[in-house]
Amino acid sequence: MKMLNLPKNFFIKKQPDRRHSPARKQGVLLNPKTESYGHLDEESQKLVKKTIDFFEQRGKAKLKNDDHERLWYADFLSFVKEEKLFATFLTPDAYGSENTRWDTYRNCALNEILGFYGLAHWYTWQVSILGLGPIWISDNEHVKQKAASKLNEGGIFAFGLSEKEHGADIYASDMFLTHQQDGSYRANGSKYYIGNGNKAALVSTFGKLSDSDEYVFFVVDSQHDNYELVQNVVNSQNYVSEYRLNDYPIREEDILAKGRDAWDMALNTVNIGKFNLGWASIGICTHSFYEAINHASHRYLFDHYVTDFVHIKLLFTEAYARLTAMKLFAQRAIDYMRVAGPDDRRYLLFTPMVKMKVTTQGEEVMNLLWDIMAAKGFEKNMYFEMAVRDIRALPKLEGTVHVNMALILKFMGNYFFKPGKFAETPKMDQAGNDDFLFNQGATKGLGKTRFHDYREIYNGVDLPNVNIFKKQIRLLKILLLLGKPTKEQTKDFDFLLNLGELFTLVVYGQLILEEAKLINLDDDIVEQIFDAIIRDFSKFALQLSAKSSTTLVQQKICERMIKRPNVDNERYQRVLDNYVYETKDQYEMNP
């Protein structure tokens, strides 16, 4: 674990159990039992609250038993069908009823809740989103109407992209459509690691035309006789399938796109879907935080409550700050998803960051909490036991951290040196269909994407730790100008990965500050977050300077980047008392 700033009063003083400061302040962490969802319309509020009630009435014992026994969540899918949950949230307004729309803002409310109650139920939602992506992007009205009907009937969906031998290398697909004399096709080939592949009403499947080698996207039915369900490739509640198509009959009306359109469809669907992984991580970490604080605050050891130990205070404060930062960034990224258009593609940087940065920060948070939970975190009746396993999956799905970092690096030059002009982006919380997500266009020309000037938000904040971080940012820009990576270094992805981590932190801090301003977040929390950001930046600067290929000029600049956060013991204590320890006994899942 990274070294934390220790307050001057390091030694433990015996204290009574702190029911802590009465000056309670509002943080951003979700509490399902008290959240009103007043920011959503009445119908959406009802559905989200009903989803919470479903899990709470079901209880933790049932949640954990089903996880241990790897039981398919048929009861949850019955609830989805009865309440038309997925139909309401995942049907664009043009294809559904009065309350249906694809609204990223409200979708993330459900994203967080499903993650909060465990990855399995979130996963069936997530892969349905991926499976629906190519359908809603396509011009195929027949399949769109069919998908809307299946959603209304409670159907789930699947995204047949990856293959056993090629993984996510979609250049090398071995799924082929072969022309028949009557104008139809026969599909042959297999797909691997495909969630919902056992029950999906429609499986959006990527492949090639055998005669031209052109890419193609088409839909199949998982219950068709020529659809062979080979196996579940994981040992969990989810069904992550290997399936094979054996002369599966495909008509022209089953085809979503061909050629370049099919390729763009695959990548644009991932742009939509991978955003959700950060929200799953936020949900998992939040539930785990409550469980950890409840456990530690009631445990009395060595004549002290565990929460009175200095190192426990540090661990909780660090976990709280990082988790709050995760949510602030992801919340602000929603606005850029929703404001996006042909001339505003800033979301293409922020979306992979929600996938990559937020999920890896989720692992950091769980590591901190596990140091508090210790052996308790292994116990079979704890949510935590499930969470520490599931949190590891999220950085590795929908493209690894490395794949997303390679994408993020494409934007670094324009972000720092060629800012564009944009109107200020408001909080995009109004009800509405996010039409552009299904009309993103070609996936080329990423290097031309422009961003608003990050300095505007940073220069508008005058806080000690934010000011220290501004100095680190300036040194990074100096590195890019005076110590520009050599040709050899640009081929060394480990070198670029560390450089990308430094860039990522600048963007991360920017959107955190934007969201903090929008919600009028307490400066104490902002400063605690940037305490962690400064230390992370210093860590990656040290790693970059230590690379064998790093030049002397680069080393010197990197060494100057290593900074110590401002030590403010009073601020630290306020965050601990007014925010961190105020979460004690605020939430516990029904047994």
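The values are calculated or read from the model by the stated rules, or taken from the named source; none is laboratory data. Computed from a prediction, not measured in an experiment: that's the story for all the values here. Positions of Cβ are backbone-derived with ideal geometry, glycine not excepted, and every protein chain shown enters the neighbour counts. We work out accessible area using only protein heavy atoms, side chains counted, and drop any ligands, DNA or RNA first. Shrake-Rupley method; radii C 1.70, N 1.55, O 1.52, S 1.80 Å.
Hey, what did the chain get for relative contact order, percent, Cα under 8 Å, at least 6 apart?
It rounds to 17 percent for the chain.
Take a quick pass over the range 487-591 and tell me how many lysine pairs come in under 17 angstrom between Cα atoms, counting only ones 8 or more apart or on separate chains.
6
Is there a quick way to get the dipole size of the range 407-529? I mean about its Cα centre, with the Cβ of Lys and Arg at +1 and of Asp and Glu at -1; what is the value in debye to the nearest 20?
Result for the range 407-529 is approximately 960 debye, rounded to the nearest 20.
What is the set of long-range amide H partners of VAL230 at a cut-off below 5 Å, with H atoms built 1.01 Å from backbone N?
Those qualifying (amide H under 5 Å, at least 5 residues apart or on another chain) are GLU242, TYR243, ARG244.
Among bridges DSSP assigns within the range 149-210, what percent are antiparallel (round to 5)?
45 percent
Give, rounded to the nearest 20 debye, the magnitude of the charge dipole that the range 379-422 has about its Cα centre when Lys and Arg contribute +1 at Cβ and Asp and Glu contribute -1 at Cβ.
My answer is approximately 320 debye.
Rounded to whole Å, give me the distance from the Cα center of the range 107-141 to that of the range 564-591.
The range 107-141 and the range 564-591 have Cα centres spaced 33 Å from each other.
Rounded to a whole number, what % of the accessible area of the range 167-269 do carbon and sulfur atoms account for, probe 1.4 Å?
Carbon and sulfur atoms account for 42 percent of the accessible area of the range 167-269.
Mind checking which lysines have their C-alpha under 18 Å from LYS444, skipping anything on the same chain fewer than 8 residues away?
LYS258, LYS410
Please count, across the range 267-379, the pairs of lysine residues with Cα atoms under 13 Å apart that sit 8 or more places apart or on different chains.
Within the range 267-379, the lysine pair count is 4.
Hey, if you put +1 on the Cβ of every Lys and Arg and -1 on every Asp and Glu Cβ in the chain, which of TYR73, LEU409, LEU245 ends up farthest toward the positive end of that dipole?
Going by the Cα projections, it comes out as LEU409.
Once you have a ≥ b ≥ c as the square roots of the Cα gyration tensor eigenvalues for the range 24-142, tell me rounded if a/c is under 1.5, and otherwise prolate or oblate according to whether a/b is larger than b/c.
oblate
Under a 5 Å amide H to amide H cut-off, with H placed in plane at 1.01 Å, what residues pair with ARG450 once short-range neighbours are removed?
Amide H to amide H, under 5 Å and 5 or more residues apart or across chains, ARG450 pairs with ARG345.
Quick one: plug the Kirkwood hydrodynamic radius of the range 132-242 (C-alpha pairs) into Stokes-Einstein at 25 °C, 0.890 mPa s, and report D in µm²/s.
Rounded to a whole number, D works out at 169 µm²/s.
Ignoring ligands, DNA and RNA, what percent of the accessible area of the range 47-122 is carbon or sulfur (1.4 Å)?
C and S atoms contribute 45 percent here.
What does the C-alpha gyration tensor say about the overall shape of the range 31-77? Classify as rounded when a/c is under 1.5, otherwise prolate if a/b is larger than b/c, or oblate.
Since a/c reaches 1.5 and a/b is larger than b/c, the shape of the range 31-77 is classed as prolate.
Quick one: Karplus J couplings for the range 29-35, per residue in order, coefficients 6.51, -1.76, 1.60, θ = phi - 60°, nearest Hz, x for Gly and Pro?
6, 6, 10, x, 7, 10, 5
In square nanometres, what is the average projected area of the Cα convex hull of the range 440-591?
13.7 nm²
Among ILE272, ILE312, SER288, which residue has its Cα furthest toward the positive end of the charge dipole of the range 181-314, with +1 on Lys/Arg Cβ and -1 on Asp/Glu Cβ?
The listed residue farthest towards the positive side: ILE312.
Probe of 1.4 angstrom, ligands and nucleic acids ignored: what's the accessible area per residue over the chain, in square angstrom?
Computed with neighbouring chains in place, this is 40 Å² per residue.
Please compute the Cα-Cα pair-distance distribution of the range 236-348 with 5 Å bins starting at 0, giving whole percents from short to long.
2, 8, 11, 12, 12, 11, 11, 10, 8, 5, 4, 3, 2, 1, 0
Starting from a Cα-only point model with no solvent, please compute log10 I(q)/I(0) by Debye for the chain at q = 0.08, 0.09 1/Å.
Debye output, listed in q order: -0.57, -0.72.
If you find the alpha carbon centre of the range 315-381 and of the range 192-215, how far apart are they in angstrom?
Centre-to-centre (Cα) distance: 31 Å.
Taking a cut-off of 13 Å between Cα atoms, list the aspartates and glutamates near LYS380, but don't count ones fewer than 8 places away on the same chain.
Those aspartates and glutamates meeting the cut-off are ASP66, ASP67, GLU69.
Residue farthest toward the positive end of the dipole of the range 18-133, with Cβ of Lys/Arg at +1 and Asp/Glu at -1: which of PRO32, THR51, ALA94?
Ranked along the dipole, the leading option is PRO32.
Determine the distance separating the Cα centre of the range 22-66 from the Cα centre of the range 230-299; give it in Å without decimals.
23 Å
Across the range 331-348, in residue order, what do the Karplus-derived ³J(HN,Hα) couplings come to in whole Hz, using 6.51 cos²θ - 1.76 cosθ + 1.60 with θ = phi - 60° and x for Gly and Pro?
5, 5, 4, 4, 4, 6, 5, 7, 8, 4, x, x, 9, 9, 10, 4, 4, 5
Residue by residue through the range 352-369, which ³J(HN,Hα) values in whole Hz follow from phi under the Karplus form 6.51 cos²θ - 1.76 cosθ + 1.60 (θ = phi - 60°), with glycine and proline marked x?
For the range 352-369, the Karplus curve yields x, 6, 4, 5, 8, 6, 5, 6, 6, 5, x, 5, 4, 4, 5, 4, 5, 5 Hz.
Using modelled backbone amide H atoms (1.01 Å from N, in-plane), which distant-in-sequence or interchain residues come within less than 5 Å of GLY160's amide H?
SER204, THR205, PHE206
Please compute the contact order of the range 207-310 in relative form: average sequence separation of alpha-carbon pairs under 8 Å and at least six residues apart, divided by the residue count, as a percent.
Normalised by residue count, the contact order of the range 207-310 is 20 percent.
Need one word for the range 306-358: rounded, prolate or oblate. Basis is the Cα gyration tensor (sqrt eigenvalues a ≥ b ≥ c); a/c below 1.5 gives rounded, then a/b vs b/c decides.
Prolate is the answer for the range 306-358, as a/c is 1.5 or above and a/b outweighs b/c.
About its Cα centre, what dipole magnitude does the chain give when the only charges are +1 on Lys and Arg Cβ and -1 on Asp and Glu Cβ, stated in debye to the nearest 20?
2320 debye
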